[in-house]
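Contents: one structure, followed by commentary.
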Amino acid sequence: MSVPVTVHPLQEYPSLPPAAPPVVTVDGPEFFRQPARVLPAAGKDDTQPVLTMVSLTLSGGSLRMATSDRYRLTVADVPAQPRETDTEAAEPPEAVMVPARVLAQVAKHLGTYTGPIAIGTRAEEPSPLLTLNIGGAEITTDIYEGEHIKLDNHPPTQYRYAA
């Protein structure tokens, strides 16, 4: 079986923005275990795009992944080490949101990788980006601008009412 392939000149494609510099490193196998926990709760309804995103929050030596479809809220934490670099890296944003479908495809195709994964973010305009350096592969995706659920008080630690 042969499949015809149309080849286009490289000049016809727009240039890619530079990758975001790495700000944190996580263990590959631990990172890839977590999408299986959080992605089932990601929304599928494109009319509410914030619910189709995974919130990635870096704080206190861990990377937190969180999703919600309005009825369920899932959270998973991955231990993370700040990346030591020669250049002055920008302070990582508190939280970024990436499409759940992108994280699902990365986990599906590169989920057997066993080395470290470097994660970088670039929040400034014109194109905020998240970059995953997985072995020799560099995956860059847009960051969604919006706000996910605040996880500081979910679930509540005190209840005012008794049943």
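The values are calculated or read from the model by the stated rules, or taken from the named source; none is laboratory data. This structure is a prediction, so every number in the text was calculated from the model and none was measured. When we count neighbours, we look across all protein chains shown, and the Cβ atoms used for this are built from the backbone with ideal geometry, even at glycine.
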Residue selected from region 48-85 under the condition within 18 Å of Thr131 (Cα to Cα) and outside any strand (DSSP E or B), by the criterion modelled with the highest pLDDT: Arg83
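When you look at Leu58, is it in contact with a Ser or Thr (Cβ under 9 Å, 6 or more places away or on another chain) and buried (at least 17 other Cβ atoms within 10 Å of the Cβ), yes or no? Steps first, answer last, please.
Working: in contact with a Ser or Thr (Cβ under 9 Å, 6 or more places away or on another chain): yes; buried (at least 17 other Cβ atoms within 10 Å of the Cβ): yes.
Yes: the conditions hold for Leu58.
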When you check Gly28 against the structure, is it out of contact with any strand residue (DSSP E or B) (no Cβ under 8 Å at 6 or more places or on another chain), at negative phi and at pLDDT 85 or above, yes or no? no
Could we say that Arg101 is touching a Ser or Thr at 6+ places or on another chain (Cβ under 6 Å), of a type in the set (Lys, Arg) and modelled with pLDDT of 85 or more here? no
Report, by residue number, each residue of region 26-55 that is among the small types (Gly, Ala, Ser) and surrounded by 14 or more Cβ atoms within 10 Å (Cβ to Cβ). Gly28, Ala41, Ala42, Gly43, Ser55
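Is one or more of the residues making up region 4-23 under 25 Å from Ala118 (Cα atoms), in a strand (DSSP E or B) and not acidic (Asp, Glu)? It would help to see each step written out before you state the result.
Keep residues of region 4-23 that are under 25 Å from Ala118 (Cα atoms), which gives 15-23.
Remaining after also requiring in a strand (DSSP E or B): 22-23.
Going one step further and asking which of them are not acidic (Asp, Glu), we end up with 22-23.
Yes; the residues of region 4-23 include at least one that is under 25 Å from Ala118 (Cα atoms), in a strand (DSSP E or B) and not acidic (Asp, Glu).
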Looking only at region 30-47, count every residue that is free of Cβ contacts under 8 Å to residues at least 40 places away in the same chain, part of a loop (DSSP other than H, G, I, E, B), within 22 Å of Lys108 (Cα to Cα) and out of contact with any helix residue (DSSP H, G or I) (no Cβ under 8 Å at 6 or more places or on another chain) and tell me the total. 0
Within region 129-154, can you find the residues that are assigned to a loop (DSSP other than H, G, I, E, B), at pLDDT 70 or above and either surrounded by fewer than 18 Cβ atoms within 10 Å (Cβ to Cβ) or touching a helix residue (DSSP H, G or I) at 6+ places or on another chain (Cβ under 6 Å) (or both)? Gly135, Gly136, Glu145, Gly146, Glu147
